[in-house]
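S.K.: Mind having a look at this structure? Questions to follow.
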Amino acid sequence: MMTDIEDDAPEEEEKRGGWLTTWADMMSVLLTFFIVLQAFSTISEKKFYEAVSSIQRAFRVPLPIRAPGNFRFDTESPSATELDEVLEEEGADAVSVEDHGDRIVLTVNTGVLFEVGRADLTPAGQVVMRSVARVLQRTEGNIRIEGHTCDLPLGPGADYPDNWWLSTARAVVALEALQGNGVASQRLSAAGYGEFDPVAPNDGEANRARNRRVEFVVERGRSLADVLAGSE
C-alpha cells in the first residue's frame with residue numbers, strides 16, 4: 001500500500017505543477033513583447049512595421065499599434081470614393097476628391113467661394129464650406145488648407161498686395177469656416193502658395209480658373225504595405 005502511494009506522488013505533483021509551465025511560457029512571451037515595444041523608439045519606421053507584422057503572424061491577431069510621427073499601422077478614415085459619395089448626397093458638386101495614397105485632397109474652385117480679389121466667403125461659399133466641414137468630420141488625421149491663385153497680378157486698389165497674401169488669407173478664412181462648423185481646431189493648419197503651385201499651365205482662362213483653388217489636404221499616413229515596399 002505504501003509503495004502505491006509513493007508511486008502516485010510524482011504523478012500528482014506533476015499535475016499540480018503543470019500550470020507553472022503555461023505561466024512561464026506566457027511570461028516569456030510578454031517579456032519579449034515589451035522588449036520589442038521598448039526597441040521601437042530606436043528603429044526606423046520600416047523596421048517598426050516589420051516587427052508588428054511578425055508579431056501579428058505569431059499571435060494571429062491584429063495589433064492596433066501606431067508608430068511615432070505621421071505613420072500609422074491602420075486607418076479608419078473613409079476612402080476618397082466614400083467621401084465623394086457623401087459630397088454628392090450633400091449636393092456639393094463644386095467639390096472634387098482625389099486619393100494620393102498618404103493623403104486625400106478635396107478641391108474647391110475659388111470662384112465658388114470668393115469674389116475676385118476678395119477673401120471673405122460669399123453666401124454660396126458658406127454653404128459649400130458647411131458641406132466640406134461635414135465631410136471632413138468623417139475623416140481622421142491633420143487637415144492642411146492650401147490657398148492657390150493663378151499668375152495674374154492683383155489690380156489697383158486690391159485688398160492685398162499680391163497673390164501670396166490673397167491665397168494665404170483665403171486659406172485662413174476657409175480654416176475658420178471649418179472651425180466654426182465643428183472641425184477640431186488641433187487638426188487644422190493653413191498655407192498660401194500664391195501662383196507658384198499650379199495644376200495647369202497659366203496659358204488661358206480655363207487653366208487659370210483651375211489654378212485658382214482651395215485644397216483641403218487630409219493626411220492619413222502610409223499603409224503597412226507602402227512602408228514595407230519602400231526603401232530604408
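S.K.: Only one of (1) more than 28 Å from E88 (Cβ to Cβ); (2) outside any loop (DSSP other than H, G, I, E, B); (3) touching a Phe, Trp or Tyr at 6+ places or on another chain (Cβ under 8 Å) fails for Q186. Which number is that?
M.R.: Among (1) more than 28 Å from E88 (Cβ to Cβ); (2) outside any loop (DSSP other than H, G, I, E, B); (3) touching a Phe, Trp or Tyr at 6+ places or on another chain (Cβ under 8 Å), the lone unmet condition for Q186 is (3).
S.K.: Quick one: V132 ticks every box in (1) buried (at least 16 other Cβ atoms within 10 Å of the Cβ); (2) under 23 Å from the mean Cα position of the chain (by Cα); (3) under 18 Å from V199 (Cα atoms) except a single one, so which number is it?
M.R.: Result: V132 passes all but (3).
S.K.: Moving on. Is there any pair with a first residue in segment 142-167 that is over 24 Å from R187 (Cβ atoms) and a second that is among the β-branched types (V, I, T) and in a loop (DSSP other than H, G, I, E, B) whose Cβ atoms are under 9 Å apart and which are 6 or more apart or on different chains, and what are they?
M.R.: Note: pairs meeting the criteria are G155/V116; N163/T149; W164/T149; L166/T149.
S.K.: Can I ask one more? For the condition assigned by TED's automatic domain parsing to the domain that holds D159, at pLDDT below 85 and either more than 20 Å from R213 (Cβ to Cβ) or surrounded by 12 or more Cβ atoms within 10 Å (Cβ to Cβ) (or both), what is the one hit in E115, E90, E98?
M.R.: Only one candidate passes the filter, namely E90.
S.K.: Filter segment 73-123 down to residues that are in contact (Cβ under 8 Å) with a residue 60 or more places away in the chain and under 30 Å from L154 (Cα atoms) and give me whichever is farthest from the chain's Cα centre (by Cα).
M.R.: The qualifying residue farthest from the chain's Cα centre (by Cα) is G111.
S.K.: Looking at segment 177-188, is at least one residue aliphatic (A, V, I, L, M), touching a Gly at 6+ places or on another chain (Cβ under 7 Å) and in the same structural domain as A94 (by TED's automatic domain parsing)?
M.R.: There is no residue in segment 177-188 that is aliphatic (A, V, I, L, M), touching a Gly at 6+ places or on another chain (Cβ under 7 Å) and in the same structural domain as A94 (by TED's automatic domain parsing).
S.K.: Let me ask you something else. For segment 143-154, check the following and say yes or no: at least one residue is hydroxyl-bearing (S, T, Y), surrounded by fewer than 17 Cβ atoms within 10 Å (Cβ to Cβ) and either in the same structural domain as A94 (by TED's automatic domain parsing) or at pLDDT below 95 (or both).
M.R.: no
S.K.: State yes or no: is V199 part of a loop (DSSP other than H, G, I, E, B), touching a helix residue (DSSP H, G or I) at 6+ places or on another chain (Cβ under 7 Å), exposed (fewer than 13 other Cβ atoms within 10 Å of the Cβ) and not charged (D, E, K, R)?
M.R.: When the stated conditions are applied, V199 passes them.
The values are calculated or read from the model by the stated rules, or taken from the named source; none is laboratory data. Just so it is clear, the structure is predicted and the values come from calculations on it, not from any experiment. A quick note on method: Cβ atoms are made from the backbone with ideal geometry, for glycine too, and the neighbour counts reach across all protein chains shown.
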